[in-house]
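Down below is the structure, laid out as structure tokens.
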Amino acid sequence: MELLANLALGFETAVSPMNLLYCLTGALIGTLIGVLPGIGPVQTIAILLPTTFALPPVSALIMLAGIYYGAQYGGSTTSILVNVPGEASSVVTCLDGHQMARQGRGGTALTIAALGSFVAGCFATVVLALLAVPLAELAFRFGPAEYVSLMLFGLVGSVVLASGSLIKAVGMIVLGLLLGMIGTDVTSGAHRFTFGIPELADGLGFVSLAMGLFGICDIISSLETREARDILKARISGFWLSRKEIRDSAPAVLRGTLVGSLLGILPGGGAILSSFTAYMVEKKCSREPETFGKGNIRGVAGPESANNAAAQTSFVPLLTLGIPPNVVLAMMAGAMMIHGIQPGPRVITSNPSLFWGVIASMWVGNLMLVLLNLPLIGVWVRLLSIPYRLLYPAILVFCCIGLYSVNNNTFDIALTAFCGLFGYVLHKLDCEPAPLILGFVLGPMMEENLRRGMLLSRGDPAIFFTRPLSLLFLALTAGLLIAMALPGIRKRRSRAFEQ
Amino acid sequence: MRRLIGWVLVTAIVGLVGLPASDAQEIKGPIKIIVPYPAGGGSDVVARLIADKLKDALGQTVIVENKAGAGGRIGTEYAKGQPADGSALLVVNPALFVVAPVVFSKLNYDPETDFVPVSVIQTYQFCVSVPAASPIRNVKELIDWVRKNPNQANYGSPAAGSLPHFFGLMIAKAAGVEMVHSSYNGSGPLVTALIGNQIPIGVDAYDAQSAYHPEKIRILATAGAARKRDDIPTFKEQGFPEIEGVGWNAIVAPAKTPKPVVEKLSQAIAKAVQAPDVAEKIRGLGSDPVGSSPEEAAALFKKDRERWVPIIRASGFKAE
Amino acid sequence: MRITRPKDLLTGALFVAFGLGAMALSLGVHLGTAARMGPGYFPFALGSLLSLLGGVLVVRGLRPAPARGGWPAVNAKPLLIVLSSVLLFSQLLIPLGLLLSTALLVVVSSLASQEFRWRETLINAAALVAVVVAVFVYCLEFPIPLGPSFRLLSP
């Protein structure tokens, strides 16, 4: 009952005409910057932050939150249409989403991404409203041992992101882990693999790497095969889902939502792991795992739902504990403090209309985004009918300017060219870049926690086996390894399914 | 004739170049405040608050330029090469001006010769804290506990080579004990680990820890000369007068910026920082607004060098 | 010895090169012990693992089993043109400003297409410059220099 009263208070705040307007503004700006490759919510929120000082705190937060999840929607658009992932979570969307676009099913992919995100957003909002406080406790159970085991599980699992050779996939993960080591070591502050280049002291930029391996490499290889693009554009289907597609993707959306809602709460790796994990779940559950990576709609539906759910539940640690789990939310915490609101456990009691207003506005924002994006899909898909010789210079222009704006630094642009060359070599050798990206993102976190764990236990590796949660992840990892090492088991089982 | 034209041109050019020099206090806009960190961080927010006020005070466009990279060193080096006419300012902190010169063998700037101090924006206190579940209640109990449990005596700081990292060493040295340092990737993860009882001791800026007191984190002491909060005693009060330290954000300008220009900017910045609404917001961030003169800023830089450099040297910490 | 799977062999060589390189560079920084790992410990371990995987791939590429897959075919023209257009943009953005360097990026990268036409490309460049200015400069107000900067000329 109290929940209903709280939600009523929230909606009362969220649907005031002024707040609706800010919500819409935020969602619009977010979609725009999400669609522009390279420009993420971080820079945009930073630039818009001073303009929100003048607004009432609830409106400011509603607008900033709108930018954040608007960018998630927009980000999937570029991943699907032009194979340029803006952030780690949309790398997975590229795998099947872009393949769908190449098959002329770009509209369908965008629709399922939008609908999946909406369903996930609705669910995550309820989760946030009901379980915010108990869920927040989950994050505290994660010490160094738990993080290491969870990441190990994620890394081993990410082998399924690749459809080719197993050894190559494992090698790509390790290569990604190594690339993640470039820069300043968190534990000791020492510089590694920087070759004396000061710009590398902060590590290889994620945007540079992802854009090089996916976007630039894709352009180069498309130019090698001239006809590929122009044949495809001839048969772009509509964007509504067929009954079969709905039946296929509905369970994927639900699974993705669950995975995302849970993992989103973990600070740091959670949101990134969510879309990768959702993809892994889909491929493992599927009776035809070989169709993944070739335009399977479930490969879009699951991860897209997961990343939106995670974006939403990542507010849990911020709103209930005041701990921002990622950079975007750190800026929101800054915005709250500027308004004299100390983010933390007291927000719920001292500022109920703010807490519930922001939660309610998330639902409203998601509704707006879906209404906004469905009609836009037609426009986006039409972009693909632009002759490729005119389209790819435009992609390059937006990528380059976006890259510059990340740090106001031209070094990142040059770096992307090198990553493009690297991506091209990998592409020619049939090495798939997605596992590399996951290794790259998780590498530094995994090392940091491994070293902390060993340091705190004074060198006793038992901590990884004696803590129950950590043991659970290790057992899951072992199970996964056995399943992979004995492919016969799976074959037999899939035959059993068919009978 | 040709010569005459030449002279006319030369005079004209000299005149044009000389004109601004004759009235050095006029600052050629737009003024940019360089923040050597990504947008949205603590120093960025403060810079934007001040930029907003300076705009009206100086009648110039004031923009904030984020030049992030290498823990702030890229932006600092970039600021060094900017025109020294008051149109370029830089936000700095102890990591860049006190720690970096000691721990980096190749540093592309010298805080003392490449920059002149303009004004200290704000200071913030350090504190030591333990999880709420911990039996430790004050600094003395903390030191006893460290002595009895050398195998668990770990403290976390928000970053390797940050002032809190060395502040932890300062505590250990003053008490004659040893603690193992574990650096986290920022205050957020450190606080999470403290609340979850994953690490027994945390050393950080007070504002990063204060939000949870006393339900989740117990702050044992703050490190300023006076109490930051009425119910938390300082180290001095608990018998450790040598444990003292504050962090700060300050604004500096390239070294050759003329003195009158520095004075003018300093006054304008001090006024901006002390404006009630800005001061209120800085307090909201958990730190204390200052707005000092260039001389006071120089004195603070000097004092902090004397305080920290021996500790940093003794720790043997090297970044490269 | 016959190369049966060239792509495996090349990938293996790439992995071994990266692995050994990482190991060599890790030795340059402090390795430490398992209890107190230095910054070189984890990368050294990863480097050895990667070299090992690379070694397996090299062997697989040479084993006498039926040949699979040919040598990768490389078309250097789009590769070189696209990459150099991006590099060019990165070097020219600050001295030349957004307008000129964007136009150059469009023109140079367009050369990579087999259907390159001057008129069309110039129109495309002009249109993209207009869009970029509208979006980045007027809508998002990013601090990017528009025109050439003459700071080089003044003292």
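The values are calculated or read from the model by the stated rules, or taken from the named source; none is laboratory data. All values derive from a computational prediction rather than experimental measurement. Cβ coordinates were reconstructed from backbone atoms using ideal geometry, including for glycine residues, and neighbour counts include every protein chain displayed. The accessibility values were calculated without ligands, DNA or RNA, using every heavy atom of the protein model including side chains. Shrake-Rupley method; radii C 1.70, N 1.55, O 1.52, S 1.80 Å.
Of all helices (runs of 4 or more DSSP H) completely enclosed by the stretch A:144-219, which ones contain at least 2 residues that are open to solvent by less than 10 Å² (accessible area, probe 1.4 Å), within 14 Å of chain B (Cβ to nearest Cβ) and touching a residue at least 24 places away in the same chain (Cβ under 8 Å)?
In the stretch A:144-219, the matching helices (runs of 4 or more DSSP H) lie at A:144-157.
Of the residues that sit in the stretch A:115-127 and are touching a residue at least 12 places away in the same chain (Cβ under 8 Å) and surrounded by fewer than 24 Cβ atoms within 10 Å (Cβ to Cβ), which one is nearest to A:GLY459 (Cα to Cα)?
Within the stretch A:115-127, the match that is nearest to A:GLY459 (Cα to Cα) is A:VAL127.
Tell me, which helices (runs of 4 or more DSSP H) wholly within the stretch B:198-293 include 1 or more residues that are without any contact (Cβ under 8 Å) to a residue 40 or more places away in the chain and more than 14 Å from chain A (Cβ to nearest Cβ)?
Fully inside the stretch B:198-293 and qualifying: B:259-274.
Quick one: in the stretch B:188-197, of everything that is at the interface with another protein chain (Cβ under 9 Å from one of its Cβ atoms) and within 24 Å of the chain's Cα centre (by Cα), which residue is modelled with the lowest pLDDT?
The extreme case among them is B:GLY188.
Please go through (1) surrounded by fewer than 22 Cβ atoms within 10 Å (Cβ to Cβ); (2) farther than 28 Å from A:PHE214 by Cα for C:LYS77 and return the number of the only condition it doesn't satisfy.
Condition not satisfied by C:LYS77: (2).
Please verify whether the stretch B:172-189 includes one or more residues that are among the charged types (D, E, K, R), surrounded by fewer than 24 Cβ atoms within 10 Å (Cβ to Cβ) and in the same structural domain as B:THR76 (by TED's automatic domain parsing).
No, the conditions are met nowhere in the stretch B:172-189.
Report the residue count in the stretch C:99-124 for those that are surrounded by 14 or more Cβ atoms within 10 Å (Cβ to Cβ), more than 8 Å from chain A (Cβ to nearest Cβ) and of a type outside the set (Val, Ile, Thr).
Residues flagged as surrounded by 14 or more Cβ atoms within 10 Å (Cβ to Cβ), more than 8 Å from chain A (Cβ to nearest Cβ) and of a type outside the set (Val, Ile, Thr) within the stretch C:99-124 amount to 7.
Give just the number: which of (1) over 30 Å from B:ASP231 (Cβ atoms); (2) open to solvent by 40 Å² or more (accessible area, probe 1.4 Å); (3) away from chain A (no Cβ under 11 Å); (4) modelled with pLDDT of 90 or more does B:PRO150 not satisfy?
The number of the failed condition is (3).
Residues in the stretch A:431-444: is at least one open to solvent by 30 Å² or more (accessible area, probe 1.4 Å), part of a helix (DSSP H, G or I) and either closer than 18 Å to A:SER222 by Cα or at pLDDT 90 or above (or both)?
Checking the stretch A:431-444: at least one residue is open to solvent by 30 Å² or more (accessible area, probe 1.4 Å), part of a helix (DSSP H, G or I) and either closer than 18 Å to A:SER222 by Cα or at pLDDT 90 or above (or both).
May I ask you to verify whether C:GLY38 is open to solvent by less than 50 Å² (accessible area, probe 1.4 Å), small (Gly, Ala, Ser) and over 23 Å from the mean Cα position of the chain (by Cα)?
yes
Go over the candidates C:GLY28, C:GLY69, C:GLY47, C:GLY61 one by one and state the one that is facing chain A (nearest Cβ under 10 Å), of a type outside the set (A, V, I, L, M), surrounded by 17 or more Cβ atoms within 10 Å (Cβ to Cβ) and more than 30 Å from C:VAL133 (Cα to Cα).
When all the criteria are applied, what remains is C:GLY47.
Conditions first: (1) under 30 Å from A:VAL347 (Cβ atoms); (2) away from chain B (no Cβ under 14 Å); (3) open to solvent by 20 Å² or more (accessible area, probe 1.4 Å). A:SER89 passes all but one, so which condition is the exception?
(3)
So which residues in the stretch A:338-393 are away from chain C (no Cβ under 14 Å), among the hydroxyl-bearing types (Ser, Thr, Tyr) and over 27 Å from the mean Cα position of the chain (by Cα), if there are any at all?
A:THR349, A:SER350, A:SER353, A:SER385
Hey, any hits in the stretch A:394-411 for a residue that's crowded, with 19+ Cβ neighbours inside 10 Å and away from chain C (no Cβ under 14 Å)?
For the stretch A:394-411, residues crowded, with 19+ Cβ neighbours inside 10 Å and away from chain C (no Cβ under 14 Å): absent.
Count, please, the residues in the stretch A:409-445 that happen to be closer than 30 Å to C:LEU92 by Cβ and out of contact with any Pro (no Cβ under 7 Å at 6 or more places or on another chain).
20
Filter the stretch A:273-301 for residues that are within 17 Å of the chain's Cα centre (by Cα) and farther than 18 Å from A:ASN83 by Cα; which is surrounded by the fewest Cβ atoms within 10 Å (Cβ to Cβ)?
Filtering first and then ranking leaves A:VAL281.
More than 30 Å from A:LEU138 (Cβ to Cβ), modelled with pLDDT of 85 or more and open to solvent by 10 Å² or more (accessible area, probe 1.4 Å) - does that describe any residue in the stretch A:223-234?
Yes: one or more hits.
Please enumerate the residues belonging to the stretch B:263-320 that are in contact with a Gly (Cβ under 6 Å, 6 or more places away or on another chain) and open to solvent by 80 Å² or more (accessible area, probe 1.4 Å).
The answer is B:GLN274, and nothing else.
Does the stretch A:43-84 hold any residues that are aliphatic (A, V, I, L, M), surrounded by 24 or more Cβ atoms within 10 Å (Cβ to Cβ), at pLDDT below 85 and farther than 30 Å from A:ILE220 by Cα, and which are they?
If the condition is that a residue be aliphatic (A, V, I, L, M), surrounded by 24 or more Cβ atoms within 10 Å (Cβ to Cβ), at pLDDT below 85 and farther than 30 Å from A:ILE220 by Cα, then A:ILE45 is the only one that fits.
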